[in-house]
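One structure below.
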């Protein structure tokens, strides 16, 4: 459970070297409030499991994952594969940024508003969980104005 900013800061420091240069090749879900990112780096495949459950948000690094043959839903297909340049943490919020070549993914931990977003270079926003119509524009602007850190804060 990642509710503490400093724990998230440490997580970002641990994930950054693992994810730098990796490509997110697939993003899918098999159950409510769980998103699986399939990544490829130097021919090796690995996974990040993200829980968007408001009471128990987490990120787990996995070397393998058994994907179900049925009942899976793909997300963000139009923007994948996405090569990750680096992983950063907002300096004043619990938002992890996966900076990519043509956009960025954001894992925002905000209680019942916890969500995973993709914002392309033009400011278009897509989300894992449903967004209210008016909130999308505000989020894109808010996330782009924040400063992000790649070192211990």
Options 123, 150, 103; residue that is touching a helix residue (DSSP H, G or I) at 6+ places or on another chain (Cβ under 7 Å), modelled with pLDDT under 90 and within 24 Å of residue 40 (Cα to Cα): 150
Residue count, the range 78-91 (criterion: out of contact with any helix residue (DSSP H, G or I) (no Cβ under 7 Å at 6 or more places or on another chain) and either within 16 Å of residue 40 (Cβ to Cβ) or at pLDDT below 90 (or both)): 6
Residues of the range 32-78 satisfying the condition of being loosely packed, with under 12 Cβ neighbours inside 10 Å and part of a loop (DSSP other than H, G, I, E, B): 32, 42, 43, 55, 63, 64, 66, 67, 68, 69, 70, 71
Some residue of the range 123-135 being in contact (Cβ under 8 Å) with a residue 60 or more places away in the chain, under 23 Å from residue 3 (Cβ atoms), under 14 Å from the mean Cα position of the chain (by Cα) and surrounded by fewer than 18 Cβ atoms within 10 Å (Cβ to Cβ): yes
Residues located in the range 8-24, provided they are free of Cβ contacts under 8 Å to residues at least 60 places away in the same chain and closer than 16 Å to residue 85 by Cβ: 17, 18
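The values are calculated or read from the model by the stated rules, or taken from the named source; none is laboratory data. Quantities reported herein were computed from a predicted structural model and do not represent experimental measurements. Because the Cβ atoms are built from the backbone with ideal geometry, glycine has one as well, and the counts that use them run over all protein chains shown.
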